[in-house]
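A short worksheet on the structure shown next.
The values are calculated or read from the model by the stated rules, or taken from the named source; none is laboratory data. As the structure is a prediction and not an experimental result, all values here were calculated from the model. Glycine also receives a Cβ, built like all others from the backbone with ideal geometry; neighbour counts cover every protein chain displayed. Please note that ligands, DNA and RNA were not included when accessible areas were found on the heavy atoms of the full protein model with its side chains. Shrake-Rupley method; radii C 1.70, N 1.55, O 1.52, S 1.80 Å.
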Amino acid sequence: MNIKENISLKEYNTFGIDVNAKRFVSVNSVYQLQQLLKAEKNVFLISGGSNMLLTKDIDKLVVHIDFKGISIDKEDDDFVYLTVNAGENWHDFVLYCVAQNYGGLENLALIPGNVGTCPIQNIGAYGVEVKDTITKLEAVNLETTKLESFSNEDCNFGYRNSIFKNSVKGKYVITSVAFKLTKRNHNLNTSYGAIETELASKQITEPTLKDISDAVIAIRKSKLPDPKEIGNSGSFFKNPVISKTQFLEIQKEYPNTPSYIISENEIKVPAGWLIETAGFKGKRFGNYGVHEKQALVLVNYGNASGKEIYALAQKIQNEILNQFKIDLEIEVNIIK
Ligand code: EPU
């Protein structure tokens, strides 16, 4: 294995933050990873780098997970079962599925990152969450270096959440994910307003998987910055869930507050709306700021530091707490 020294991580995180890795190695098999972990206990793992904000140089050995490959485990007339290695790019995998007419992931087009990290925060968009297609996954235990299997239930998936963000956080590296996708009678999800509008504008009444992924791509491109052009990590915050009582209080002052009912006494409010209402949408502070079309996304226009972006996030959190009495939770992993 080729361990490099003093490498910039700018190309390895979608925020495009330029920090230094003292030592860096790419691993392309589970075996290589296990060998490395036997020799080196204290490592920093990086995959697609799409859900992290680096605020300092990394002194540990940075291990870049780069296992590639998609295999079909079995199939019948209705379903296909695939295993995908962690280093496959998520969007490329979605496009592959759409091209093969495998249904289930078409609403999740253009989400940055790799397949191995999609279960960690149970990526979701336009009415679909990845948990509904994952059957199981494999992960290496960083302490024992053994490969372990997790069923869908073991992962304890929730909204932007899983066991990998909670009880076993930082203890495993996911090496492959298994999916069950449809080959016919696809369970299409076009109920999300923006998708309906996009399909209607093209006069599509019986959409194919490709029609849906094309619609999602068009919507995302119109609202969300492309990390290749403007550094970002997608949603920086989670949408907060508040009590109905608190929601009614907010509604008195802001009658048009958007909301989704979660349960009898719980309401989800879009963080993007809160941040926009607090006046941050499109605000630029030198090299960084809040995206002009989606206030949930913080952006790096050039050479901003992770510390600067994190300070902005904290400023936003304080403002939302003062104005709405809501604790905004950061979704991105802050590396400090
Ligand atoms: N809104 C505003 N101002 C903004 C942004 C949004 O008022 O600047 C309002 C919109 O008008 C709308 C509501 O908030 O009423 C919801 O907006 P949107 O449909 O854009 O979705 P979101 O709740 O802001 C979530 C995900 C996104 C995902 C979209 C679509 C979270 C934290 N984010 O955003 O995920 O693409 O739904 O399903 O749940 C990502 O994770 O990187 C990501 C982009």
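Here's a check for you: in the range 7-65, which residue that is open to solvent by 50 Å² or more (accessible area, probe 1.4 Å) and among the acidic types (Asp, Glu) is farthest from the chain's Cα centre (by Cα)?
ASP59
Here is a check on your reading of the model: is GLY289 within 14 Å of the ligand (Cβ to nearest atom), modelled with pLDDT of 95 or more, surrounded by fewer than 16 Cβ atoms within 10 Å (Cβ to Cβ) and not aromatic (Phe, Trp, Tyr)?
When the stated conditions are applied, GLY289 does not pass them.
Residues of the range 114-127 being assigned to a loop (DSSP other than H, G, I, E, B) and within 9 Å of the ligand (Cβ to nearest atom), which ones? Spell out the reasoning first.
Filtering the range 114-127 for residues assigned to a loop (DSSP other than H, G, I, E, B) gives 118-123, 126-127.
Result: GLN121, ILE123, TYR126, GLY127.
Identify all residues within the range 29-45 that are of a type in the set (Gly, Ala, Ser) and closer than 17 Å to GLY170 by Cα; write none if there are none. Reasoning before the result, please.
Within the range 29-45, the first condition is being of a type in the set (Gly, Ala, Ser), and the residues that meet it are 29, 39.
Within the range 29-45, no residue meets the criteria.
Among the residues that make up the range 169-184, is at least one of them in a loop (DSSP other than H, G, I, E, B), more than 16 Å from the ligand (Cβ to nearest atom), at pLDDT 95 or above and of a type in the set (Ser, Thr, Tyr)?
Checked the range 169-184: no residue is in a loop (DSSP other than H, G, I, E, B), more than 16 Å from the ligand (Cβ to nearest atom), at pLDDT 95 or above and of a type in the set (Ser, Thr, Tyr).
From VAL84, VAL80, VAL43, VAL30, which residue is touching a residue at least 60 places away in the same chain (Cβ under 8 Å), over 30 Å from ALA313 (Cα atoms), not basic (Lys, Arg) and not assigned by TED's automatic domain parsing to the domain that holds SER149?
VAL30
Tell me which residues, restricted to the range 202-217, are among the polar types (S, T, N, Q) and either touching a residue at least 40 places away in the same chain (Cβ under 8 Å) or touching a helix residue (DSSP H, G or I) at 6+ places or on another chain (Cβ under 9 Å) (or both).
Of the residues in the range 202-217, the ones among the polar types (S, T, N, Q) are 203, 205, 208, 213.
Selection gives THR205, THR208, SER213.
Go over the candidates ASN89, ASN101 one by one and state the one that is touching a strand residue (DSSP E or B) at 6+ places or on another chain (Cβ under 8 Å), outside the structural domain of PHE236 (by TED's automatic domain parsing) and not basic (Lys, Arg). Explain how you work it out, then say what you get.
On the way: ASN101 fails: touching a strand residue (DSSP E or B) at 6+ places or on another chain (Cβ under 8 Å).
Going through ASN89, ASN101 in turn, just one is touching a strand residue (DSSP E or B) at 6+ places or on another chain (Cβ under 8 Å), outside the structural domain of PHE236 (by TED's automatic domain parsing) and not basic (Lys, Arg): ASN89.
More than 28 Å from LEU181 (Cα to Cα), open to solvent by less than 50 Å² (accessible area, probe 1.4 Å) and near the ligand (Cβ under 8 Å from one of its atoms): does that describe PRO270?
Values: more than 28 Å from LEU181 (Cα to Cα): yes; open to solvent by less than 50 Å² (accessible area, probe 1.4 Å): yes; near the ligand (Cβ under 8 Å from one of its atoms): yes.
Against the criterion (more than 28 Å from LEU181 (Cα to Cα), open to solvent by less than 50 Å² (accessible area, probe 1.4 Å) and near the ligand (Cβ under 8 Å from one of its atoms)), PRO270 qualifies.
Do we have any residue at all in the range 101-109 that's within 21 Å of SER222 (Cα to Cα), of a type in the set (Ser, Thr, Tyr) and surrounded by 18 or more Cβ atoms within 10 Å (Cβ to Cβ)?
Filtering the range 101-109 for residues within 21 Å of SER222 (Cα to Cα) gives 105-109.
Add one more test, that the residue is of a type in the set (Ser, Thr, Tyr), and what stays is none.
Within the range 101-109, none of the residues are within 21 Å of SER222 (Cα to Cα), of a type in the set (Ser, Thr, Tyr) and surrounded by 18 or more Cβ atoms within 10 Å (Cβ to Cβ).
Restricting the search to the range 188-214, which residues are among the aliphatic types (A, V, I, L, M), part of a helix (DSSP H, G or I) and away from the ligand (no atom under 12 Å from the Cβ)? Break it down into steps so the answer makes sense when it comes.
Initial filter on the range 188-214 (among the aliphatic types (A, V, I, L, M)): 188, 194-195, 199-200, 204, 209, 212.
Next, from what is left, pick out any that are part of a helix (DSSP H, G or I): 194-195, 199-200, 209, 212.
Result: LEU199, ALA200, LEU209, ILE212.
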